[in-house]
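What follows is a structure written as structure tokens; I'll ask about it next.
Bear in mind these aren't lab numbers, they're just calculated from the coordinates by the rules spelled out. The structure presented is a predicted model; accordingly, all values stated were derived computationally and were not measured. Every residue, glycine among them, receives a Cβ derived from its backbone with ideal geometry; neighbour counts consider all protein chains shown.
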Amino acid sequence: MFYVSTPIYYVNDAPHLGHAYTTVAGDVLTRWHRQRGEQVWYLTGTDEHGQKIMRTAEANGVTPQEWSDKLVEEAWKPLWQHLEIANDDFIRTTEKRHTERVQEFVQDLYDKGEIYKGGYEGPYCVGCEEFKTPGDLLEGDLCPIHKRPVEWLREDNYFFKLSEYGERLLEFYEANPDFIQPASARNEVLQFVRTGLQDLSISRSTFDWGIPIPWDDKHVIYVWVDALLNYATAVGYGSDPERFERIWPADVHLVGKDILRFHAVIWPAMLMANGLPLPGKVFANGWLMVGGEKMSKSNLTGISPQQLTEHFGVDAYRYYFLRAIPFGQDGSFSWEDFSARYTSELANDFGNLASRVAAMIGKYFDGELPASAEREEAVAGALAETVAKADRAIGDELDFAGGLGAIFDFVKLVNGYLSEQEPWKVAKDTSEEGRARLATILYTAAESLRAVAVLLNPVMPGTAEKLWASLGAEEHLGALAEQRVAEAGQWGRLPAGARVVKGEILFPRLES
Ligand code: MSP
């Protein structure tokens with residue numbers, strides 16, 4: 001089973017572009033693997049415990065549970081639905097299926113002697129839900145991520161013996177060079193672990209919005225330990241061993257680079273301590289930036305995902321961020337850049353190609369796809385290469401920008417082919433030879449579009465479906481989602497005789 005997860009998001013507020021960025025990337029990755037014919041499990045969810053949520057709820061005069069329920073139902077789930085996220089499950093950390101298993105996991109560590117009681121004091125950032133080291137702070141007391149003052153905490157806590165896992169983690173990274181990606185993320189973690197790990201405080205006793213420590217209910221479990229375990233509890237850890245065995249370990253944990261250490265250091269150490277298999281990969285995506293800062297609730301400049309989809313449509317939205325920003329690097333959003341790509345890549349290069357080809361097949365062949373008199377090796381060869389490239393880039397390397405770049409280079413190539421061949425001129429030649437040539441050209445273009453529909457389906461499912469319908473492909477080849485990536489590059493799959501109709505415009509002109 002190919003198992004992909006997103007971080008579970010804090011429900012202190014509604015989702016913004018940054019959250020949607022990771023979730024869309026995971027959706028594209030899982031849809032791509034589904035089209036490879038693999039069994040896939042895609043998990044997302046919400047992180048509902050801890051001080052941050054508790055304080056937000058208090059400030060709004062409701063209980064943390066009420067607050068979480070409202071945000072999950074009114075903001076988070078609806079956005080994922082709107083963006084066509086095809087997750088298989090949605091886990092909330094306040095669900096019993098999670099809380100009970102978390103207690104068992106922690107109890108197990110306690111029984112194994114991995115947890116001891118101690119005291120700790122230090123600067124804590126509630127935004128990060130994390131103790132900071134004084135050296136990390138800006139201007140003496142500001143969290144480097146949230147740019148807000150940290151709080152000084154002194155508590156008796158339970159500790160996990162994280163410091164004992166440094167060597168084993170380094171050996172693991174060494175033996176699994178792809179475990180942390182991209183390379184910059186891997187280097188950061190290696191350096192961090194090499195400098196030596198400290199034990200991790202895994203409980204809090206000054207507030208109660210969390211899962212109680214099973215042997216000492218004056219403490220609640222540290223929200224990050226609680227949260228990380230979602231990846232296991234959601235797939236049957238402790239409740240359904242057969243299912244857990246089938247789905248675990250995760251193949252890819254997608255995370256923002258801000259939460260890399262939790263996933264690449266603490267999480268594998270927790271799993272090692274409990275003797276569970278480790279995940280295949282932790283991929284850290286970069287940040288969407290606003291004015292040189294990580295996009296967050298406080299600097300949103302008022303742009304919500306819904307506002308962008310209203311203007312550009314859901315599919316263009318899904319496409320844009322993955323195409324424009326190399327996955328793993330930071331990037332900024334701008335209306336200008338989005339509009340420019342929409343118009344040149346989606347509307348002109350791709351949308352126009354689809355409508356021109358359908359229109360010409362309508363005009364010259366009454367909408368019936370003609371048989372190709374010969375095979376255009378250059379185009380067929382380019383397609384095979386494109387499929388191989390895109391498959392490697394998107395499916396294996398999570399290089400969405402590279403994969404989409406390859407697909408759109410192919411779209412450009414087909415446009416170039418049509419400008420060179422000038423079918424509208426060839427159409428004037430009514431000899432048998434002329435008709436055969438015209439048939440070859442239009443077949444070549446339509447067959448190329450057939451493959452493009454398959455390759456773009458994981459990214460723009462609505463648009464790809466329209467194109468599939470306009471090519472009359474379903475009747476001969478079956479449902480679009482059933483098309484396999486491995487076959488997408490085989491030339492000649494769309495048979496002569498397919499009913500081609502000029503469907504609706506794929507990417508309408510933008511309103512100014
Ligand atoms: N609840 C924790 C994660 C627990 S996972 C076991 C958390 N939640 S969060 O709501 O703050 O957001 C987490 C993730 O949202 C980030 O790691 C990242 O994947 C995504 N993003 C939030 N803001 C982002 C940007 N500005 N840019 C890109 N991704 C961002 O941390």
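So for the chain, what percent of the C-alpha to C-alpha distances run longer than 34 Å?
Beyond 34 Å sits 43 percent of the P(r) for the chain.
Give the separation of the Cα centroids, the range 306-366 to the range 27-98, in Å.
When both Cα centres are located, 28 Å separates them.
Here's another thing I want to ask about it. Quick check for you: which residues of the range 262-298 have the amide N under 14 Å from the point 7 Å beyond the Cα of ARG55 toward its beta carbon?
Within reach of a label on ARG55: 298.
Under 5 Å between amide hydrogens, which residues at least 5 positions from ILE91 or on another chain qualify, with H placed 1.01 Å from N in the peptide plane?
Result for ILE91 returns THR44, GLY45, THR46.
With each pseudo-label sitting 7 Å past Cα toward Cβ, what's the THR133-SER339 distance in nm, one decimal?
4.7
Continuing with the same structure: How fast does the range 96-191 diffuse by Stokes-Einstein, in µm²/s, taking the Kirkwood radius from C-alpha pairs at 20 °C and 1.002 mPa s?
D = 132 µm²/s.
Next question. Would you work out which of ALA232, PRO249, SER201 lies farthest towards the positive end of the dipole of the range 200-267? Charges go on Cβ: Lys and Arg +1, Asp and Glu -1.
SER201
May I pose another question? Determine, for ARG34, ARG509, ARG246, the number of other Cβ atoms within 10 Å of each Cβ, and report the residues in order from fewest to most.
Ranking ARG34, ARG509, ARG246 by Cβ neighbours within 10 Å, fewest first, gives ARG509, ARG246, ARG34.
Give me the dipole magnitude in Debye, nearest 20, for the range 336-488 about the Cα centre, with unit charges on the beta carbon: positive for Lys and Arg, negative for Asp and Glu.
In total the dipole reaches around 340 debye.
Next up: For the range 322-330, take each phi angle, set θ = phi - 60°, evaluate the Karplus expression 6.51 cos²θ - 1.76 cosθ + 1.60, and give the result in whole Hz per residue in order, putting x for glycine and proline.
6, 6, 7, 10, x, 5, x, 10, 6
Between the range 476-496 and the range 428-444, what's the alpha-carbon centroid distance in Å?
Distance between centres, Cα-based: 24 Å.
Fully extended, how many nm does the chain gain between HIS476 and ALA436 (0.36 nm per residue separation, minus their Cα-Cα distance)?
So the chain would gain 12.1 nm between HIS476 and ALA436.
Additional query: How big is the Rg/Rh ratio for the range 409-512, C-alpha atoms only, Rh by Kirkwood, two decimals?
Across the range 409-512, the Cα-based Rg/Rh ratio is 0.99.
Where does each of 85-94, 49-58 land if you order them by average Cβ count within 10 Å, highest first?
Those peptides, ordered most packed to least, come out 49-58, 85-94.
Ordered by packing density, taken as the mean number of other Cβ atoms within 10 Å over each peptide's residues, highest first, how do 221-233, 279-291 rank?
Averaged packing, sorted descending, gives the order 221-233, 279-291.
Along the Cα-to-C-beta direction of ILE505, a point sits 7 Å from the Cα; which residues of the range 334-377 have their amide N less than 11 Å from that point?
Hits in the range 334-377 for ILE505 at 11 Å: 347-348, 352.
Let me ask something else. Hey, how much of the P(r) for the range 336-488 falls beyond 23 Å, as a percent of Cα pairs?
The proportion of pairs with Cα distances above 23 Å equals 36 percent.
Okay, moving on. Is any residue of the range 92-107 close enough, with backbone N under 20 Å, to a label point placed 7 angstrom from the Cα of VAL62 along the Cα-Cβ axis, and if so, which?
92-96
Among LEU480, ALA382, VAL414, which residue has its Cα positioned farthest towards the positive end of the charge dipole of the range 336-488, with +1 placed on the Cβ of Lys and Arg, -1 on the Cβ of Asp and Glu, and the dipole taken about the Cα centre?
VAL414
Now for a separate question. Determine, for each peptide in 67-76, 446-455, the mean count of other beta carbons within 10 angstrom over its residues, then list the peptides with the highest first.
446-455, 67-76
What is the extension gain from GLN39 to GLU84, computed as 0.36 nm multiplied by their sequence separation minus the C-alpha to C-alpha distance, in nm to one decimal?
14.3 nm
Here's something else I'd like to know. 222 nm [θ] for the chain, helices only, -39500 (n - 2.57) per DSSP H run of 4+, per residue, to 500?
-13000 deg cm²/dmol
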